[in-house]
Amino acid sequence: MAEIVAFSKEGNIGLIAVNNPPVNALSQAVRAGIKASIEKGNADKDVAAMIIICDGRTFIAGADIREFGKPPMEPHLPDVCHFIEDSPKPVIAAIHGTALGGGLEIPLSCHFRIALSSAKVGLPEVKLGLLPGAGGTQRLPRVAGVQAALEMITSGTPVAATKAKAMGILDEIVDGDLKAAALLFAKKVVDEKRPIRKVSSLEAKADSPTVFDDFAKSISRKSRGFIAPFKCIEAVKAATELPFPEGMKRERAIFTELQASDQSKAQRHVFFAEREVVRIPGLPDDQPTREIKSVGILGAGTMGGGIAMCFANAGIPVMLLDVKQEFIDKGMAVIKKNYANTVAKGSLKQEVMDKRLSLIQPTLAYEDLKNVDLVIEAVFEDMAIKKEVFTKLDAVCKPGAILASNTSYLNVDDIAAITNRPQDVMGMHFFSPANVMRLLENVRGAKTSPDVYATAMKVGKTIGKVPVLVGVCDGFVGNRMLAKRTRECGFMLEEGALPWQIDKVIYNFGFPMGPYAMGDMAGLDVGWRNRKAKYDSLTPREKANTILDKICEMGRFGQKTGSGFYKYDEKRNATPDPMIEELIIKHSQDAGIKRRVITDQEIIERAIYAMINEGAKILEEGIAARPLDIDVVWLYGYGFPIYLGGPMFYADTVGVKKVYDAILKYKDMVGAEYWTPSPLLEKLAKEGKGFYSK
Ligand code: 3H9
């Protein structure tokens, strides 16, 4: 077996090669290996300089995130970095792939840095709720300037090699054989007797006294609710105010604080959940899948058009079918406009747009779908129409083609049953706007064959989505849980809350917007239609809660009609509407409900715990295989704050027992039919466990 860190010599150059697949993370063995190799090189009189280089697909991708939360093991990374920087013989980092986090902090401690032109470097710790904790916040501003360091560290976005060179992070960019180029570079350093350059001995200067406050203001919207970005600013500021060793101490203190924070724990959970979610329990990693080389999409409306764009963006040809030429023309015009907007913003080249558009072939004929490998139906949400469409698809599509429905709540098994190939039928539920939203709920029917849903998961990844596999039930995972939040918020309106109060609380919790602002944006008629369709299954209290009906009956469908729960100006800015307040108060009176003060805490508990309880039921029923599947649905489809890790992770953070006790309180207050704890939640609470700590 190859050594994790191997030391070898090429002439008078010592080569320190890291080989820790898959991404050369800085585990204890790697840290110790690098330190020992530097020692070796310095002790060897024949070695004049050293190169740190990596095997495999990338340079070091950072600290080993799996070690966080465990007792730290020596040597610590900041010490390894000092050790490198203090080496009396020059050390050169030779970078390929992505040098991230600790994987850039090591090069910043080296005396020289060269990279392949395809490489990228970055400090993405902020995305894990952390800051660079091995000198990144102290060295980067010294080498690249304060403003650039603030941008890189608070965004976590890596920069390409050319830009990194212009910023002063890299000394040289090369193409071809990195090792050969690094050896040549090292030889030059030795031959020219270039003096050792320690980044720590440079100075970090703030361009203006207000730079840090200004920067904090500039990211306040984007980073709302997150702690780490602002702590990063504090650490970079320390680099400009304190001598290097003091700055390092400050960085360490903040790193330790952040590492122990609930936010960082949540963000690390999200990192792994996003990767784990595509592994389907019960299926082997090498599960065979079907090849998807072309796709048919039914319905050129907002949803179908957005889905078509997802495939075209991934280079997969699409047949876009609708029943009338005018629908096709309208749909294609919207797609063109969407692409053109991206071109106008400078994020897409015209020729790429043209190529993508050319991949979308409009058609009116089902016959044109006969050769596609996958069809996704995005027609009107009506079972009769869906059945008609699937009957046609069953007749025309080739054997082995996957037939998927984009339904958001209809029964996929009923749709499958209309065909002669239920094993090839499933749900693929995209979220609007489909070309933007990352979530894809893949719905496995009772008869869907494993290679079919495994294919849908793979396709989801190919088109840049975060696919989650769920089972059949009303609303699947996301909308089923959302329905509980909506219902509970509706009850709170009757009991004393107002839409803007609930929206503010949910927004402050960390969602991009509250339920009423969201309803107004999506169109209240959508929810109203849904309510009417489900009316018979509603409880008497739900039936009697006619606030939405009353608002819609006035023609107030939300933003598109200029008013809904809120009223809107011509720029679609919302203001609370006294008329709605009156309407709600009158509704409570008519219903005989005495209004009372609803605290913000109650709003959070009733809105969020109602979802958690439903999530637990979803787990019990096996609709979602793991709590992480539910978390990913909410993080990527509904804007659940990343720093809380998703509803199930959040339940663990609050404490399942606390959630359970609150549920019992609301059971007494609101009624058992709404607030009976799920047996799973009850069991976890009684055993003092969490969804993730069984
Ligand atoms: C840090 O450096 C702190 C320091 O400042 C201070 C310390 C004192 N650790 O993403 P992929 C796993 S914080 C452990 O699918 P790709 C990943 O879970 C760190 N494991 O591949 C997956 O495992 P599995 C700052 C890691 O090609 C496998 O590797 N660095 C780590 O799409 C493949 O990953 C970062 O935040 C890690 N650091 O993308 C970088 N990284 O196969 C995080 C990955 O079991 N990493 N794994 O599911 C990335 O952004 C991407 O993984 C990368 C490759 C771009 C490197």
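The values are calculated or read from the model by the stated rules, or taken from the named source; none is laboratory data. Everything numeric in this text was worked out from a predicted model, so none of it was measured. With ideal geometry, Cβ positions are generated from the backbone for all residues, glycine too; neighbour counts draw on all protein chains shown. With ligands, DNA and RNA removed, areas are computed over all heavy atoms of the protein, side chains included. Shrake-Rupley method; radii C 1.70, N 1.55, O 1.52, S 1.80 Å.
Quick notes
- Residue in segment 122-143 that is at pLDDT 95 or above, within 16 Å of the ligand (Cβ to nearest atom) and open to solvent by 50 Å² or more (accessible area, probe 1.4 Å) present: yes
- Inter-residue pairs, beta-carbon under 8 Å, first on the phi < 0 side of the Ramachandran plot and in segment 370-399, second modelled with pLDDT of 95 or more and among the acidic types (D, E), 6+ apart: D373/E291; M383/D414; K386/E377; K387/D414; V389/E377; F390/E377; L393/E377; V396/E367
- Conditions (1) more than 16 Å from the ligand (Cβ to nearest atom); (2) in a loop (DSSP other than H, G, I, E, B); (3) open to solvent by 40 Å² or more (accessible area, probe 1.4 Å); number of the one not met by V23: (1)
- Verdict on T157 being surrounded by fewer than 20 Cβ atoms within 10 Å (Cβ to Cβ), more than 16 Å from the ligand (Cβ to nearest atom) and among the polar types (S, T, N, Q): no
- Qualifying residue in segment 78-93 (condition: away from the ligand (no atom under 16 Å from the Cβ), assigned by TED's automatic domain parsing to the domain that holds G176, in a loop (DSSP other than H, G, I, E, B) and in contact with a strand residue (DSSP E or B) (Cβ under 6 Å, 6 or more places away or on another chain)): yes
- Only one of K193, K205 that is in the same structural domain as L130 (by TED's automatic domain parsing) and either among the small types (G, A, S) or at pLDDT 95 or above (or both): K193
- Selection count, segment 82-102, where residues are out of contact with any helix residue (DSSP H, G or I) (no Cβ under 8 Å at 6 or more places or on another chain) and within 18 Å of L15 (Cβ to Cβ): 1
The rows are residues; the columns are (1) touching a Pro at 6+ places or on another chain (Cβ under 9 Å); (2) more than 29 Å from F430 (Cα to Cα); (3) not assigned by TED's automatic domain parsing to the domain that holds F230.
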{"position": "G645", "(1), (2), (3)": "no, no, yes"}
{"position": "M648", "(1), (2), (3)": "yes, no, yes"}
{"position": "D652", "(1), (2), (3)": "yes, no, yes"}
{"position": "D661", "(1), (2), (3)": "no, yes, yes"}
{"position": "Y674", "(1), (2), (3)": "no, no, yes"}
{"position": "P677", "(1), (2), (3)": "no, yes, yes"}
{"position": "L684", "(1), (2), (3)": "no, yes, yes"}
{"position": "E687", "(1), (2), (3)": "no, yes, yes"}
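- The listed residue being open to solvent by 60 Å² or more (accessible area, probe 1.4 Å) and at pLDDT 95 or above, out of K550, K560: K550
- Meets criteria (open to solvent by less than 20 Å² (accessible area, probe 1.4 Å), within 16 Å of the ligand (Cβ to nearest atom) and hydroxyl-bearing (S, T, Y)) for S223: no
- Scope segment 385-408; condition of a type in the set (S, T, N, Q) and farther than 27 Å from V468 by Cβ; matching residues: T391
- Here the condition is being in a loop (DSSP other than H, G, I, E, B) and either in contact with a helix residue (DSSP H, G or I) (Cβ under 8 Å, 6 or more places away or on another chain) or more than 24 Å from P281 (Cβ to Cβ) (or both); of D474, D414, D394, D368, it holds for D474 alone.
- Residue count for segment 647-693, restricted to those that are surrounded by fewer than 17 Cβ atoms within 10 Å (Cβ to Cβ), touching a Ser or Thr at 6+ places or on another chain (Cβ under 8 Å) and in contact (Cβ under 8 Å) with a residue 40 or more places away in the chain: 1
- No other residue among V190, V146 is crowded, with 22+ Cβ neighbours inside 10 Å, farther than 28 Å from D262 by Cβ and away from the ligand (no atom under 16 Å from the Cβ) apart from V146.
- Any chance S358 is of a type in the set (S, T, N, Q), modelled with pLDDT of 95 or more and either crowded, with 18+ Cβ neighbours inside 10 Å or in contact with a Phe, Trp or Tyr (Cβ under 8 Å, 6 or more places away or on another chain) (or both): no
- Among the residues of segment 432-462, those that are open to solvent by less than 20 Å² (accessible area, probe 1.4 Å) and farther than 22 Å from P284 by Cα comprise A434, L439.
This table checks each residue for (1) modelled with pLDDT under 95; (2) more than 27 Å from K45 (Cα to Cα); (3) open to solvent by less than 10 Å² (accessible area, probe 1.4 Å).
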{"position": "G56", "(1), (2), (3)": "no, yes, no"}
{"position": "E67", "(1), (2), (3)": "yes, yes, no"}
{"position": "M73", "(1), (2), (3)": "yes, yes, no"}
{"position": "V80", "(1), (2), (3)": "no, no, yes"}
{"position": "P88", "(1), (2), (3)": "no, no, no"}
{"position": "G97", "(1), (2), (3)": "no, yes, no"}
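- Among the criteria (1) more than 30 Å from K398 (Cβ to Cβ); (2) touching a Leu at 6+ places or on another chain (Cβ under 9 Å); (3) of a type in the set (S, T, Y), the one T240 does not fulfil is (2).
- Hits in segment 404-415 - residues which are crowded, with 24+ Cβ neighbours inside 10 Å and closer than 18 Å to D451 by Cα: A404, S405, V412
- When K345, K337, K355 are checked against the criterion of being farther than 30 Å from R290 by Cβ, over 25 Å from the mean Cα position of the chain (by Cα) and either assigned by TED's automatic domain parsing to the domain that holds A404 or not hydrophobic (A, V, I, L, M, F, W, C) (or both), K337 stands alone in meeting it.
- Criterion applied to V352, V334, V318, V323 was being hydrophobic (A, V, I, L, M, F, W, C) and over 21 Å from K465 (Cβ atoms), and the one residue passing it is V323.
- Odd one out for I173, checked against (1) open to solvent by 10 Å² or more (accessible area, probe 1.4 Å); (2) part of a strand (DSSP E or B); (3) within 16 Å of the ligand (Cβ to nearest atom): (3)
For (1) near the ligand (Cβ under 10 Å from one of its atoms); (2) at pLDDT 95 or above; (3) surrounded by 16 or more Cβ atoms within 10 Å (Cβ to Cβ), each residue gets a yes or a no:
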site	(1), (2), (3)
A253	no, yes, no
V270	no, yes, yes
E276	yes, yes, no
G282	no, no, no
D285	yes, no, no
E291	no, yes, no
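- For segment 97-121, a residue qualifies if it is away from the ligand (no atom under 12 Å from the Cβ) and in a loop (DSSP other than H, G, I, E, B), and the qualifying residues are C110, H111, S117, S118.
- Unmet requirement for P72, which otherwise passes all of (1) near the ligand (Cβ under 9 Å from one of its atoms); (2) out of contact with any strand residue (DSSP E or B) (no Cβ under 7 Å at 6 or more places or on another chain); (3) touching a residue at least 24 places away in the same chain (Cβ under 8 Å): (3)
- For the residues G133, G122, G103, the requirement of being in contact (Cβ under 8 Å) with a residue 24 or more places away in the chain and in contact with an Asp or Glu (Cβ under 7 Å, 6 or more places away or on another chain) singles out G133.
- Beta carbons closer than 7 Å, at least 6 apart along the sequence or on distinct chains, pair a first residue in segment 43-61 that is more than 15 Å from the ligand (Cβ to nearest atom) with a second that is open to solvent by 30 Å² or more (accessible area, probe 1.4 Å) and part of a loop (DSSP other than H, G, I, E, B) for D46/N12; V47/N12; V47/K89; A48/N12; A48/K89; A49/K89; M50/K89.
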